[in-house]
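Engineer: To start, I am sharing the structure in question, which I have written as structure tokens.
Here, each number is a calculation from the coordinates, and none is a lab measurement. This structure is a prediction, so every number in the text was calculated from the model and none was measured. Glycine also receives a Cβ, built like all others from the backbone with ideal geometry; neighbour counts cover every protein chain displayed.
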Amino acid sequence: MAIDQSLLDILVCPKCKGDIYLTKDQDGLVCDACQLLYEIRDQIPIMLIDEAKSIGDKSGDKSS
């Protein structure tokens, strides 16, 4: 089951307050500006900066 679109519409990166998008595999949310991946565990986005994973310059494909 995917994350509800209305939730995705209001979520922003907690670090820079910028746009985020769902990964191709729908297992995380990516902030290109911060180069961070926020994992989704048990259908819950973990939006803690300390728990985010650095993705460097490999951010995966954007969803449309």
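Engineer: I want to check the label-to-label distance for E51 and K17. Put each point 7 Å from Cα in the C-beta direction and report it in nm to one decimal.
Structural biologist: Here the modelled spin labels are 2.3 nm apart.
Engineer: Could you tell me the largest-minus-smallest coordinate of the C-alpha atoms of the chain on each of the three principal axes, in descending order and whole angstroms?
Structural biologist: Answer, in whole Å and largest first: 28, 21, 19 Å.
Engineer: Oh, and also: List the aspartates and glutamates whose Cα lies under 15 Å from the Cα of K53, skipping any in the same chain that are fewer than 8 positions away.
Structural biologist: Once the sequence-local aspartates and glutamates are set aside, what remains near K53 is D27, D32, E39.
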